[in-house]
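Undergrad: First, the structure itself, so that you have it in front of you.
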Amino acid sequence: MTFGGLIVLAFNAILIQNVILNQFLGTCPFLGVSGKRQSAVGMGFAVIVVITLSSLVSWGLYYAILKPLGMTYMSTLVYILVIAALVQIIEMFLKKVIPSLYRALGIYLPLITTNCAVLGTAKTVIARKFNFLETLVYSFSIAVGFLFVIYIFSTLRSKIARGDIPKAFQGIPIALITAGILAMIFAKFGQLII
Amino acid sequence: MKDNSKLLNFTKGLWKENPILVTMLGLCPTLAITYKVENALGMGLAVLFVLVMSNLIISLIRHIVPDEIRIPIFIVVIATFVSIVEMVMEAFVPDLFERMSLFISLIVVNCIILGRAEAFASKHNWLDSILDALGMALGFTLVLIVISLIREVLGTGSITIWGNLAINFNKNNSPFFSNFFVSPPAAFIILGLILAGSKAINAAKAAREVKSK
């Protein structure tokens, strides 16, 4: 793929096929931690590290081990173990080497194991038959898209929380409807390229 | 009294502790695949199988699993059953599987299943665990069907289930049916409205109970 193609791929992954608003992956942490801006940003950066690394590792394992041995049916099991192990390793590494970053990301790291955006991206990369460079660009951009949307959304929610909302809509329902309107805006980015 | 509590294990998943409406778990597949009723049925069946089997196995092994590594073990049990579902669906309903293969494999990280394993199956016997799993999975499936009915009827003006059962509501091309409803933004908005509705019903119920006392 040419350099231009990679840029289009990145742009697509961040804005048009946004991981939350278009692919519906990672909705749980999106609704769960977007209440506070600080925790949203912490979660976003932790997700960037984990999605990029786990996609690259599972890409490598798929083409180096699973495919030559004809064990592709094991992929789901292998990926989830890769992700769980990777999260654990990153956690130990940060604790030892960059304690300040560990304290900032600390509580969000274990939560990422069950973030379906991570497993989803690892699966997408294989399903779309990306090469190594495309995998790197795609998974990094997907994670940047996650950070971008969760940050925008956390600022929106802090405004909403101060508004006068009917009782039944308070909390998650109004958050979902806001996300729907945000998704409509992001859907319009699709017309920029084609 | 004893029978009553068994029944309660089953029925609490349908409304009182419904995984989508009350605990708000497993929202990713709820949003992603509900643009078609047959997707909702397929997803519901897949979750039913994985949840019942993993709850059964986990409640049987709950005494031999060391506490510190229980989460990885639960995930491996769940991932095994998800792989079985993947293989069965790929063999018997290939076009349905092609449409939702990503979300079938994502059942592994679906919070409903790990949540029930951790909160219920690791503390109760196998019969209670199966009843709990059946109730939770049926509650999940019912909400999926309601959302997908709304989306498919309003979005396409018709319902098609495996090509056999097809009902067309939109005979004279009315502008009332818009494909906005099958697009991603509508998923968020409809789920938001349904959650608000269930909260309002529960609030009204609670108010009535207070009054009658």
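Undergrad: Using just the helices of chain B, give the 222 nm mean residue ellipticity in deg cm²/dmol: DSSP H runs with n ≥ 4 each add -39,500 (n - 2.57), and the total is spread over all residues, rounded to 500.
TA: Result for chain B, helices only: -22500 deg cm²/dmol.
Undergrad: First select every other residue whose beta carbon is under 11 angstrom from the beta carbon of B:Ala117; then total the charges, Lys and Arg +1, Asp and Glu -1. Each step should come with its number before you reach the end.
TA: Values: positive: B:Arg62, B:Arg70, B:Arg116, B:Lys123; negative: B:Glu118, B:Asp132.
Neighbour charge sum, excluding B:Ala117 itself: +2.
Undergrad: Take the alpha-carbon positions of the protein assembly as shown, form their convex hull, and give its projected area averaged over all directions (one quarter of the hull surface) in nm². Mind dumping the intermediate values first?
TA: On the way: hull surface 97.8 nm².
Mean orientational projected area (the protein assembly as shown, Cα hull): 24.4 nm².
Undergrad: Further, regarding this structure: Would you mind ranking B:Thr80, A:Thr124 by Cβ crowding within 10 Å, fewest neighbours first?
TA: On the way: B:Thr80 16, A:Thr124 22.
Starting with the residue having the fewest Cβ neighbours, the order is B:Thr80, A:Thr124.
Undergrad: For chain A, what does the helix formula give at 222 nm: sum of -39500 (n - 2.57) over DSSP H segments with n ≥ 4, over the residue count, nearest 500 deg cm²/dmol? Spell out each step's value before the answer.
TA: Working: 10 runs with 137 residues, N = 194.
Mean residue ellipticity at 222 nm (helix-derived): -22500 deg cm²/dmol.
Undergrad: How charged is the neighbourhood of B:Ala203? Take every other residue with its Cβ under 12 Å from the Cβ of B:Ala203, and add Lys/Arg as +1 and Asp/Glu as -1.
TA: Working: positive: A:Lys167, B:Lys199, B:Lys205, B:Arg208; negative: B:Glu209.
Counting the neighbours of B:Ala203, the net charge comes to +3.
Undergrad: How far is helix B:37-60 tilted, in degrees, relative to the longest principal axis of the Cα atoms in chain B, given as a value from 0 to 90 rounded to the nearest 10?
TA: Orientation of helix B:37-60: about 0 degrees from the principal axis.
Undergrad: Still on this structure: Based only on the alpha carbon positions, what is the Kirkwood hydrodynamic radius of chain A, in angstrom? Intermediate values should be presented prior to the final figure.
TA: Values: mean 1/r = 0.0568 Å⁻¹.
Taking every pair of different Cα atoms in chain A, averaging 1/r and inverting gives 17.6 Å.
Undergrad: Using the Cβ atoms and a cut-off under 15 Å, what net charge is assigned to the surroundings of B:Ile130, where Lys and Arg are +1 and Asp and Glu are -1?
TA: Numbers: positive: B:Lys6, B:Lys12, B:Arg62, B:Arg116, B:Lys123; negative: B:Asp128, B:Asp132.
Residues near B:Ile130 contribute +3 overall.
Undergrad: Mind checking which of A:Phe132, A:Met71, A:Leu94 is farthest towards the positive end of region A:36-144's charge dipole, using Cβ charges of +1 (Lys, Arg) and -1 (Asp, Glu) about the Cα centre?
TA: Value: A:Leu94.
Undergrad: Using the number of other C-beta atoms within 10 angstrom as an exposure proxy, rank B:His63, B:His124 with the fewest first. Mind dumping the intermediate values first?
TA: Values: B:His63 7, B:His124 17.
With the fewest neighbours first, B:His63, B:His124 line up as B:His63, B:His124.
Undergrad: Place a point 7 Å from Cα of B:Val65 in the direction of its Cβ. Which residues in region B:117-138 have their backbone N less than 17 Å from it?
TA: Residues B:117-134 qualify, since their backbone N sits under 17 Å from the label point.
Undergrad: Still on this structure, please answer the following. Please compute the modelled spin-label separation between B:Glu98 and A:Gln191, points set 7 Å along Cα→Cβ, answer in nm with one decimal.
TA: If labels sit at A:Gln191 and B:Glu98, their model points lie 3.1 nm apart.
Undergrad: So for region A:36-144, Kirkwood radius off the Cα pairs, Stokes-Einstein at 25 °C and 0.890 mPa s: how many µm² s⁻¹?
TA: On the way: Rh = 14.2 Å.
Calculated translational D: 172 µm²/s.
Undergrad: Using only the Cα atoms, work out Rg/Rh for region B:1-73, with Rh taken as the Kirkwood radius, to two decimals.
TA: Numbers: Rg = 15.4 Å, Rh = 14.7 Å.
We get a ratio of 1.04 for region B:1-73.
Undergrad: Nearest 10 degrees, 0 to 90: what angle lies between the long axis of helix B:184-212 and the longest principal axis of chain B (Cα atoms)?
TA: Here the helix axis deviates by roughly 60 degrees.
Undergrad: At a Förster distance of 41 Å, what's the computed FRET efficiency of B:Lys211 paired with B:Ser5, Cβ-Cβ distance as r, to 0.05?
TA: On the way: r = 28 Å, r/R0 = 0.69.
For B:Lys211 and B:Ser5, the calculated efficiency is 0.90.
Undergrad: Ok, one more. What FRET efficiency, computed as 1/(1 + (r/R0)^6) with R0 = 30 Å and r the Cβ-Cβ distance, is obtained for A:Ile7 and B:Phe177, rounded to the nearest 0.05? The partial results should precede the final answer.
TA: On the way: r = 38 Å, r/R0 = 1.28.
Efficiency, rounded to the nearest 0.05: 0.20.
Undergrad: Okay, next question. Within region B:40-65, whose backbone N sits under 18 Å from a point 7 Å along Cα→Cβ of B:Ile150?
TA: B:40-41
Undergrad: Rounding to the nearest 10 and keeping the result within 0 to 90°, find how far the Cα-based axis of helix B:94-105 lies from the longest principal axis of chain B.
TA: 50 degrees
Undergrad: Cα centroids of region B:136-213 and region A:85-160: how far apart, whole angstrom?
TA: For region B:136-213 versus region A:85-160, the Cα centre distance is 32 Å.
Undergrad: Please state the charge dipole magnitude for region B:45-185, taken about the Cα centre, from unit charges on C-beta atoms (+1 on K and R, -1 on D and E), reported in debye and rounded to the nearest 20.
TA: 300 debye
Undergrad: Using only alpha carbon pairs under 8 Å that are at least six residues apart, calculate the relative contact order of chain A and give it in whole percent.
TA: On the way: 195 pairs, mean separation 80.6, N = 194.
Relative contact order, chain A: 42 percent.
Undergrad: Follow-up question, since we're still on this one. Which helices, taking whole DSSP H runs in chain A, have alpha carbons extending 15 angstrom or more along the helix axis plus mean Kyte-Doolittle at least 1.0? Don't skip to the answer; put the middle values down first.
TA: Details: long enough: A:37-61 (36 Å, 1.43); A:75-97 (32 Å, 1.77); A:116-127 (16 Å, 1.58); A:132-160 (42 Å, 1.45); A:172-187 (22 Å, 2.46).
Membrane-span-like by this rule: A:37-61, A:75-97, A:116-127, A:132-160, A:172-187.
Undergrad: About its Cα centre, what dipole magnitude does region A:36-144 give when the only charges are +1 on Lys and Arg Cβ and -1 on Asp and Glu Cβ, stated in debye to the nearest 20?
TA: 160 debye
Undergrad: Hey, another quick one. For region B:80-213, what is the convex hull (Cα atoms) projected area averaged across all directions, in square nanometres? Don't skip to the end; give the middle numbers.
TA: On the way: hull surface 50.4 nm².
Mean orientational projected area (region B:80-213, Cα hull): 12.6 nm².
Each value in this text was obtained by applying a stated rule to the coordinates, not by laboratory testing. Remember, predicted model here, so these are calculated numbers, not experimental data. Glycine also receives a Cβ, built like all others from the backbone with ideal geometry; neighbour counts cover every protein chain displayed.
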